[in-house]
Each structure stands twice: as structure tokens, then as C-alpha cells.
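Just so it is clear, none of the values below were taken in a lab; they were calculated from the coordinates. Quantities reported herein were computed from a predicted structural model and do not represent experimental measurements. All Cβ positions, glycine included, derive from the backbone under ideal geometry; neighbour counts span all protein chains shown.
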Amino acid sequence: MAAGTVGFLAFETGTYYLLRWVTSPLGMPDQYQPENTIVPNWAKAVIVLLLYLLLVVAAVLTLSNQLPRRYRGQIMGWFYLSLLAGFVVVFVIMS
């Protein structure tokens, strides 16, 4: 269980920094300007969510192939927790 928690936290931290780096040129930093629209920031949020889902699904597929059968039952719990963490990642990246 401890190895899974450490792996999960390492994956989420790495994913956060990777997505922050990839999406840094997108969106507008000052959202309260009169000429600003919601479109650039909405596009950034959608791109972050899609890339996050892509990374999570790729990690689940890789782990389900590499782990022994007795550990595969734990993957779905971490997958669901990762989906919930995805919304936190979006809010943190957008702020």
C-alpha cells in the first residue's frame, strides 16, 4: 500500500509539472482585463483535462500490463482517485 501511495503521489506531481510546462504559453494570465474573453482560458482547461486523461489512461494500461495479477485489483482504485485529482490539477494550473 505504501509503495502504491508513493507511486501515485510521484505520478501526480510529475504530471502536474509536465502539464504546467506544456500549457504555460496557453491562456491569459490576467483574466480581469476588459478585452479578455473566456475562450483562451477555456481552451487551456480543456487541453489540460484531455492531456491529463491521456496520461492517466496510458499509465493504467502500462501498469495493468506490467504488474503481476495479484496487484491488478488495486489499479482501479488508484485510477478513480486519479480522476478526482485531475480536477484539482486543472484548478491549480489555471490559478
> Cβ under 14 Å from V48's Cβ, V48 left aside: what net charge do those residues give with Lys, Arg +1 and Asp, Glu -1?
Replying inline: +1
> Fewest to most neighbouring Cβ within 10 Å: what's the order for M76, M94?
Replying inline: M76, M94
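With a 10 Å Cβ neighbour count serving as the proxy for reagent exposure, in which order, fewest first, do S95, S82, S64 appear? Intermediate values should be presented prior to the final figure.
Numbers: S95 5, S82 21, S64 14.
Lowest to highest Cβ neighbour count: S95, S64, S82.
Based on other C-beta atoms within 10 Å, arrange W42, W78 from fewest to most. Before the final figure, lay out each step's value.
On the way: W42 12, W78 19.
Sorted ascending by nearby Cβ count, the order is W42, W78.
Taking the Cβ of V89 as the centre, find all other residues whose Cβ is under 14 Å away and add up their charges (Lys, Arg: +1; Asp, Glu: -1). If you can, show how the numbers build up before the last one.
Details: positive: R20, K44; negative: E12.
Taking every Cβ under 14 Å from that of V89, the sum is +1.
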